[in-house]
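Report on the structure given below.
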Amino acid sequence: MESDQTDDVEVEMDQVADAGSQWLAILLLVSWWALLGLLDLMFPKAGSEVLKPLVGPASNASREDAASSVRPCGMVSRADPSFDEQHFLHGAASAYETILHAYAKGDMRTLRLLLSPEVLAAFETAIDERSSRGFEMDITFVCLKEASVTGADVARSVAEISVRLTAQLISVTRSASGVLVDGDPQRIIETSDVWTFSRDLSQGNPQWRLVATDEDDGLKAAS
């Protein structure tokens, strides 16, 4: 992350959606990732309310170990005590919306900040194919219905967290002359994807990057 992106952050995360510039939104988003480990706890740890009670007597240490093993992000929390799952999910949700908009606009400058080289290459191929046909894509983000951790792992200081992201949106593709070739501007669709974010915990840069995408339930008409 560039130093000027961390020195000038004095705004709340919810201003990202209201920013008039896509690039300004990315600057704020990347800075949000940098602040994940520094913010005061604003929410209870995700998953703590569904932990199964321990059977029989147990020490405080064993209770903490058991709870950590039940939480999907337990391994990440043990490797990085500053990690907070709720703050991470807020960042992942914002990244999801921002990346979708950047993909629709063919904004490679934005995508390079948030994607791993492998994912970036796949996105670039799809964008180039769309551009070669003279098509233009537009996405209207309606709402995010779910952002939940489905799995997490830490290997050799590299943490990976998979997040199920379910959203409602309007997606249309038009030809260069404005003719509708895909989608419906009057139809809200629901998409459910599992995105995996990665970060090297041994590095000073706290930025998470998207390293894998997987369509969960596909696109379907929103009820």
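Scanning the stretch 158-195 for residues that are of a type outside the set (Ser, Thr, Tyr) and outside any strand (DSSP E or B) yields Ala176, Gly178, Val179, Asp184, Pro185, Gln186, Arg187, Ile188.
Here is a check on your reading of the model: is Arg164 touching a residue at least 12 places away in the same chain (Cβ under 8 Å) and either touching a strand residue (DSSP E or B) at 6+ places or on another chain (Cβ under 8 Å) or under 19 Å from Trp208 (Cβ atoms) (or both)? So Arg164 passes the test. Summed over the stretch 141-157, residues that are surrounded by fewer than 16 Cβ atoms within 10 Å (Cβ to Cβ) and more than 17 Å from the chain's Cα centre (by Cα) total 3.
Scanning the stretch 79-94 for residues that are part of a helix (DSSP H, G or I) and in contact with a helix residue (DSSP H, G or I) (Cβ under 6 Å, 6 or more places away or on another chain) yields Gly91, Ser94.
Any idea which of Leu113, Leu120 is closer than 23 Å to Val76 by Cα, part of a helix (DSSP H, G or I) and of a type outside the set (Val, Ile, Thr)?
Values: Leu120 fails: closer than 23 Å to Val76 by Cα.
On inspection, the qualifying residue turns out to be Leu113.
Which number in (1) surrounded by 12 or more Cβ atoms within 10 Å (Cβ to Cβ); (2) outside any loop (DSSP other than H, G, I, E, B); (3) in contact (Cβ under 8 Å) with a residue 24 or more places away in the chain marks the one condition that Pro206 misses? All conditions are met except number (2).
Just to be sure before I move on: is Arg174 open to solvent by 30 Å² or more (accessible area, probe 1.4 Å), farther than 26 Å from Asp84 by Cα and not hydrophobic (A, V, I, L, M, F, W, C) in the structure I sent? Lay out the reasoning, then the answer.
Working: open to solvent by 30 Å² or more (accessible area, probe 1.4 Å): yes; farther than 26 Å from Asp84 by Cα: yes; not hydrophobic (A, V, I, L, M, F, W, C): yes.
Taking the combined requirement at face value, the residue satisfies it.
The values are calculated or read from the model by the stated rules, or taken from the named source; none is laboratory data. Just so you know, these numbers come straight off a predicted model, no measurement behind them. Cβ sites come from the backbone with ideal geometry, for glycine too, and all protein chains shown count toward neighbours. When the accessible area is computed, the model is the full protein with side chains, heavy atoms only, and any ligands, DNA or RNA have been set aside. Shrake-Rupley method; radii C 1.70, N 1.55, O 1.52, S 1.80 Å.
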